[in-house]
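The values are calculated or read from the model by the stated rules, or taken from the named source; none is laboratory data. Nothing here was measured: the structure is a model prediction, and the numbers come from that model. Ideal geometry is used to build each Cβ from the backbone, glycine not excepted, and the neighbour counts take in all protein chains shown.
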Amino acid sequence: MAVREILRFGNVKLKRVSRKIDIIDEEVFNIVQDLKDTLYSTTGIGLAAPQIGILKRVILIDLRDGEEPIVLINPLIVAKIGKEESIEGCLSYPGYEGKVIRPKKVTVQGLNTKGEKVEYIAEGVLAKAFCHEIDHLDGILYIDRAKKIYKIEE
């Protein structure tokens, strides 16, 4: 559909809680396509609908590892195991990275674009991506959780 502008830190929409999706219809398919078009115009691995100005509970994650991208509607973290510190960045806060503590392993449930309930058990980068993108749906940026923020040197 379209490459959308990615909202930047300071935009009030990034701090709002997104609405649950009750019906998977053409509007939702268009949101998913815009998320894909926008993400693939960057080097990022995840994008949430609020980042393109849509306050609906949809995320896209593509680790760019040859696997199919993950699209989740109304995602929810239902279990967390352990803790791990790592460096994160965000397309909505370009030029910076931060040290963030995230769960080592998560179980995430949601709906796919067919309306089917799906579940992922993830660790490593995928677990962090789920946490990061789901946080966006709740108006939380990684910088809200970061222990330290660093400017990325060119």
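In this structure, is GLU84 farther than 25 Å from ARG19 by Cα and acidic (Asp, Glu)? Break it down stepwise before answering.
Working: farther than 25 Å from ARG19 by Cα: yes; acidic (Asp, Glu): yes.
When the stated conditions are applied, GLU84 passes them.
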Residue identified as on the phi > 0 side of the Ramachandran plot and under 15 Å from the mean Cα position of the chain (by Cα) among GLY89, GLY139, GLY95: GLY139
Candidate set from the range 99-112 (those that are of a type outside the set (Lys, Arg) and outside any loop (DSSP other than H, G, I, E, B)); member that is surrounded by the fewest Cβ atoms within 10 Å (Cβ to Cβ): ILE101
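Let's see how each residue does on (1) under 26 Å from ARG4 (Cβ atoms); (2) modelled with pLDDT under 95; (3) of a type outside the set (Ser, Thr, Tyr):
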{"site": "ILE61", "(1), (2), (3)": "yes, no, yes"}
{"site": "GLY66", "(1), (2), (3)": "yes, yes, yes"}
{"site": "TYR93", "(1), (2), (3)": "yes, no, no"}
{"site": "GLU116", "(1), (2), (3)": "no, no, yes"}
{"site": "TYR120", "(1), (2), (3)": "yes, no, no"}
{"site": "ILE134", "(1), (2), (3)": "yes, no, yes"}
{"site": "LEU137", "(1), (2), (3)": "yes, no, yes"}
{"site": "ARG145", "(1), (2), (3)": "yes, no, yes"}
In the range 72-98, residue nearest to TYR142 (Cα to Cα) [restricted to those that are in contact with a Leu (Cβ under 9 Å, 6 or more places away or on another chain) and assigned to a loop (DSSP other than H, G, I, E, B)]: CYS90
Meets criteria (more than 23 Å from GLU116 (Cβ to Cβ), under 15 Å from the mean Cα position of the chain (by Cα) and loosely packed, with under 14 Cβ neighbours inside 10 Å) for THR38: no
GLY115 being in contact with a strand residue (DSSP E or B) (Cβ under 9 Å, 6 or more places away or on another chain), in a loop (DSSP other than H, G, I, E, B) and within 15 Å of ILE21 (Cα to Cα): yes
